Structure formats: structure tokens, C-alpha cells
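In what follows, a structure is listed as C-alpha cells, so that the remarks can point back to it.
Read the figures in this text as sums done on the coordinates, not as results from a lab. All values derive from a computational prediction rather than experimental measurement. FYI the Cβ positions are ideal-geometry reconstructions off the backbone, even for glycines, and counts take in every protein chain you see.
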Amino acid sequence: MKLIETNVVPMDLTQMELVLLFFGWQACNPSHYWGPGVRDAYIVHYIHEGRGTVFMADQQYELTQGQGFVILPDTLIHYEADAKQPWTYSWFGFKGVHAKAFMQRAHISPEHPVFEARDPDIFDRLYTKMVQASTRTGGDVFNQSLLYRLIAELIASSPAGEQLQRPLSTKEEYIRQAVQFIENRYSQRTSILDIARAVGLDRTYLSGLFKERYGKSLQAFFLEYRMNRAAELLQHSALSVSEVAHSVGYTDPLLFSKMFKRVTGVSPKGSRSMEQGE
């Protein structure tokens with residue numbers, strides 16, 4: 001049995017929407033298995049050759065070349081190579097604050113953890129490119145871009161899965177659109193009214209949807225999103241407090257500092273000092 005795994009230099013997982021943790025490749029021996037057990041990350045497996053069986057959520061899946069499965073965090077799984085045609089697969093492990101949302105878009109869940117590649121060759125190319133990049137300066141950043149390409153391929157390969165999943169309700173679609181608008185416009189002078197208009201709803205009604213979904217108003221959600229982004233900039237950049245304020249949509253640094261302390265409990269300078277261990 002041949003196994004190759006590359007661990008990626010870890011990044012800060014608290015704010016990154018997606019972080020590649022490791023990737024690998026294995027030609028399994030007959031009947032080689034893993035589990036039952038759980039992992040703490042999302043791990044996409046793609047089958048290049050052979051066949052095997054996956055057990056998850058009281059379901060059994062017989063998979064072969066051109067198909068794959070996803071291990072979900074803290075979800076019990078067992079998988080086993082075929083006794084006569086054991087599979088060869090590659091895998092890609094990742095985490096991130098938006099990882100779950102991306103998997104939902106790909107219609108991956110404990111009830112439906114499998115997929116069929118739209119373009120089987122793409123997974124071969126992605127793995128090869130990751131291996132090549134891992135030895136180069138800046139390769140970790142390049143491999144981050146390849147992770148997004150992998151996720152995009154999962155989403156593109158999911159039309160069959162889409163028919164098996166419950167479609168988004170109208171309320172969920174409004175919330176999704178509002179969150180997407182916030183992600184794209186948080187760095188600009190954007191008001192709650194702007195968000196509501198973009199979605200086409202009354203701002204009070206939209207805020208009620210956020211309260212129902214997240215346990216907080218739209219205003220609180222938007223403020224926390226901006227402050228989380230500001231905290232990331234304070235920790236991972238040399239921008240001044242004023243520059244950070246402008247980067248998250250505040251023209252008044254004093255107002256920004258006041259709101260940052262209200263959300264986080266510390267001042268922007270205090271947050272940076274704590275991160276640097278000063």
C-alpha cells in the first residue's frame with residue numbers, strides 16, 4: 001500500500017473562510033479500511049481507480065472511479081476498499097468559517113456525502129498542481145486558490161444532488177442574499193437600508209429574519225461581521241487603526257474604535273497588543 005500526505009503550514013482558522021490543511025494520495029490494499037470514527041475537518045476523497053464502500057448516517061454507498069465522498073466534521077464514518085479492486089484515491093482536508101456553507105452549496109451533507117465528478121480529470125490535475133506548488137515559495141497561497149477550484153468543481157458537479165435536497169425556502173434565500181451583500185459591501189459606506197433594498201425587503205422584516213436565523217438583528221450581524229474583519233486586519237496586517245477603520249467602512253476612526261470595543265471588549269490597539277503578546 002502506497003500513501004503520500006502533505007501537511008500545509010497552518011494559518012489562523014478563526015477568520016479564514018477556507019483553509020487548506022493537508023492533501024494526500026493512497027493506493028489501498030484489498031479491504032483496507034478506516035473507522036468507524038470521526039474527523040475534525042472536511043476531507044474530500046476522490047476515487048481515481050478501483051472501488052470501495054462508504055458507510056455514513058446509516059446509509060451504504062458503493063463507489064467507483066470518477067466518484068467521491070466527503071468526510072464531515074464530527075460525523076461518524078467508515079469506508080473500506082474493495083477486496084478485488086481496491087480503490088486509489090486522493091484527499092484534500094480543509095476547515096474555515098464558510099466551509100459548511102460551501103458544502104451546502106455543493107449539496108454535501110451526512111445524508112448525502114457522495115458526488116460524481118463532472119470533469120474527472122480535474123481532480124488529477126488539482127492534486128498534481130498542489131504537489132508541485134508545495135515545494136515552491138508561495139506555494140501555500142497558490143494551493144489555497146486550488147482549494148477554491150476544488151470547491152467550485154464540487155458545486156458544479158452537484159445538479160443530481162440538488163434534486164435530492166430540500167430547496168432553500170424564500171426566507172433562507174433572502175438571508176443568503178443579504179449575507180452575500182454584506183460580504184461584498186462591508187468595506188463601503190453601507191447602511192442597513194442599503195442591505196434591505198438590495199434584497200427587496202422592508203428592513204424591519206429582514207432584521208426579523210436575521211433574529212430568527214442567527215439570534216441577533218441584522219444591525220448586530222452586520223456590525224459583528226465588520227468587527228471580525230477588522231480584528232483579522234489588526235492581527236495580520238501592519239495597517240494603522242485609521243486604515244483598518246476605512247477598510248471596514250468607517251470614515252471616523254473614533255467611532256470605529258468605540259464600536260470595536262463594544263463588540264470585542266477591547267480597543268483596536270489592545271486587540272493588536274494581545275495578539276502580539278505585548
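Quick rundown of the values:
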{"read-out": "Length added when fully stretched, H246-Y61, from 0.36 nm per residue minus Cα-Cα", "value": "61.5 nm"}
{"read-out": "Alpha-carbon centroids, the range 183-204 and the range 216-278: separation in whole Å", "value": "20"}
{"read-out": "Over the chain, relative contact order from alpha-carbon pairs under 8 Å, at least 6 apart, %", "value": "14"}
{"read-out": "Over the range 2-164, relative contact order from alpha-carbon pairs under 8 Å, at least 6 apart, %", "value": "26"}
{"read-out": "Cα convex hull volume per residue for the range 170-276 (Å³)", "value": "95"}
{"read-out": "Two-decimal Rg/Rh across the chain, once Rg and the Kirkwood Rh are taken from alpha-carbon atoms", "value": "1.03"}
{"read-out": "Per-peptide average of other Cβ atoms within 10 Å, ordering 232-241, 136-145 highest first", "value": "232-241, 136-145"}
{"read-out": "Three semi-axes of the equivalent ellipsoid, the range 10-85, Cα gyration tensor, whole Å, largest first", "value": "25, 15, 10"}
{"read-out": "FRET E, pair E183, S267, Förster distance 25 Å, beta-carbon r, rounded to 0.05", "value": "0.45"}
{"read-out": "Within the chain, helix-based [θ] at 222 nm, where runs of 4 or more DSSP H residues each add -39,500 (n - 2.57), nearest 500", "value": "-14000 deg cm²/dmol"}
{"read-out": "L21, L254 arranged by Cβ crowding within 10 Å, fewest neighbours leading", "value": "L254, L21"}
{"read-out": "Under 30 Å, Cα to Cα: Lys pairs in the range 170-276, sequence gap 8 or more or different chains", "value": "9"}
{"read-out": "Scattering profile of the range 47-181 at q = 0.16 Å⁻¹ [log10 I(q)/I(0), Debye over alpha-carbon scatterers]", "value": "-0.93"}
{"read-out": "Amide hydrogen neighbours beyond the local backbone of T75, cut-off 5 Å, H modeled", "value": "R39"}
{"read-out": "Highest average packing first - 117-128, 90-101, 43-54, Cβ atoms within 10 Å", "value": "43-54, 90-101, 117-128"}
{"read-out": "The chain, dipole about Cα centre (Lys/Arg Cβ +1, Asp/Glu Cβ -1), debye to the nearest 20", "value": "940"}
